[in-house]
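Coordinate-derived values only; no laboratory data. Just so it is clear, the structure is predicted and the values come from calculations on it, not from any experiment. Here the Cβ positions follow ideal geometry from the backbone for every residue, glycine too, while neighbour counts run over all protein chains shown.
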Amino acid sequence: MVSRVATRRILEYRDDVVTICLPLFLAGGQEERDFAKNNPCITVDGCDKMCASKGVEMYGKVHPKSSIVISEIIKKEKHSRPKSKSRIEPEDENLVQETMKIINEEVDKVKEKE
Amino acid sequence: MSEKKRSKHIIIPCSGIGKALGTITRRATYIVTEELLPNDTDSICLPLLTIEDEETVQKIRQNPCITVDGCVAQCAQKNVAHHRGKLQGSIKILDVIKENPKLKPGNVLDIGPDGEKLARKAAEKVLKIVGDKT
């Protein structure tokens, strides 16, 4: 839920980023599979299984420009683990804000290199 | 004496991030797996299936699956079919909306009260499929 909410919130105030539904890599056509190849990707994964990062490599045949993993942020910054799978509780807000800050920084870094 | 492990219905939402409908699929799934039928149902992360995680592929092949999709791309259903899962039913949130035209969901981050009602109606459809198959 944190990866989802942080990503969506970034989309709502930056007009230089887009997102894609990961399962569409398989369910969609070549256009969707080329999306990762033709655009610099920053993946935001919830756990260390890193489906988003692996999905970009598997279907886009490229490494993501940056891979953010929420469970690592939780460990590093000593946040408590979110309890609800359906909603962001007030106590999760700091983790969402921290994740948004990291996504923003990574987008800026990728843009600088372009 | 060993007891045969009872199979659970696996409810698989598309979890699409582009529209409120994707969030409704997640909510409908959790209503079933956490509130209504926690002992008879389970879920998986669809992206795990997309990256061909072996444990997840086995799970959808060994248990009856019900997909819940938000848009016409039907990612959940297509991913299960691609991996030859035991697909027993598919719910489309677009159908639930057509059946309940007065309910207007909010957005991806907050589906709102009508979105919650749509999720509960989708959950009822899932329950019906689970009931019909058990």
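So how far, in whole Å, is the C-alpha centre of segment B:12-47 from the one of segment A:1-39? The two parts, judged by their Cα centres, are 20 Å apart. Evaluate the relative contact order of chain B (contact order divided by residue number), counting alpha-carbon pairs under 8 angstrom at least 6 apart; express in whole percent. Once divided by the residue count of chain B, the mean separation gives 30 percent. When Rg and the Kirkwood Rh are both derived from Cα coordinates, the Rg/Rh ratio for segment A:2-102 amounts to 0.98. For chain A, the longest principal axis of the Cα atoms and the long axis of helix A:51-60 meet at an angle of about 10 degrees. Of all lysines in the structure, those lying under 21 Å Cα to Cα from residue B:104, and not within fewer than 8 positions of it along the same chain, are B:19, B:92, B:117, B:121, B:125. Taking the Cα centre of chain A as reference, the dipole from Cβ charges on Lys and Arg (+1) and Asp and Glu (-1) amounts to some 380 debye. Identify, among A:39, B:14, A:84, the residue whose Cα sits farthest towards the positive end of the charge dipole of the protein assembly as shown, taking +1 on the Cβ of Lys and Arg and -1 on the Cβ of Asp and Glu, with the dipole about the Cα centre. Of the options given, the answer is B:14. Label-to-label distance, residue A:86 versus residue B:84, with points set 7 angstrom from Cα along the beta-carbon direction: 3.7 nm. Note on chain B: Cα-Cα pairs beyond 18 Å make up 50% of the total pair count. The simple Förster model, with R0 at 45 Å and r as the Cβ-Cβ distance, assigns residue B:62 and residue A:113 a FRET efficiency of 0.50.
For the protein assembly as shown, the dipole from Cβ point charges (+1 on Lys and Arg, -1 on Asp and Glu) about the Cα centre works out to 780 debye, to the nearest 20. Pairs of Lys residues in segment A:2-102 are counted when their Cα atoms are under 16 angstrom apart and they lie 8 or more places apart or on different chains; the count is 7.
Most mobile of B:93, B:44, B:111 per a Gaussian network model of chain B (Cα springs, under 10 Å)? In this elastic network of chain B, the residue with the biggest mean-square fluctuation among B:93, B:44, B:111 is B:44. The charge dipole of segment A:1-54, taken about the Cα centre with unit charges on the Cβ atoms of Lys, Arg (+1) and Asp, Glu (-1), comes to about 180 debye, rounded to the nearest 20. Neighbours of residue A:16 by Cβ distance under 11 Å: Lys/Arg scored +1, Asp/Glu scored -1, total -1. Of the residues B:81, A:21, A:69, the one whose Cα sits farthest towards the positive end of the charge dipole of the protein assembly as shown is B:81 (charges of +1 on Lys and Arg Cβ, -1 on Asp and Glu Cβ, taken about the Cα centre).
Dividing the alpha-carbon radius of gyration of the protein assembly as shown by the rule-of-thumb value 2.2 N^0.38 Å gives 1.02. Scanning residues 5 or more positions from residue B:11 or on other chains, those with amide H under 5 Å from its amide H are B:42, B:43, B:44, B:66, with H placed 1.01 Å from N in the peptide plane.
Seen against the Cα atoms of chain B and their longest principal axis, helix B:112-133 is set at about 30 degrees.
Springs between Cα atoms under 10 Å define the GNM used for chain B, and in it the highest mean-square fluctuation of B:98, B:121, B:86 occurs at B:98. One Cα centroid belongs to segment A:52-102, the other to segment B:52-124; the line between them spans 23 Å. Between helix B:20-30 and chain B there is an angle of about 40 degrees, using the helix long axis and the longest principal axis of the Cα atoms.
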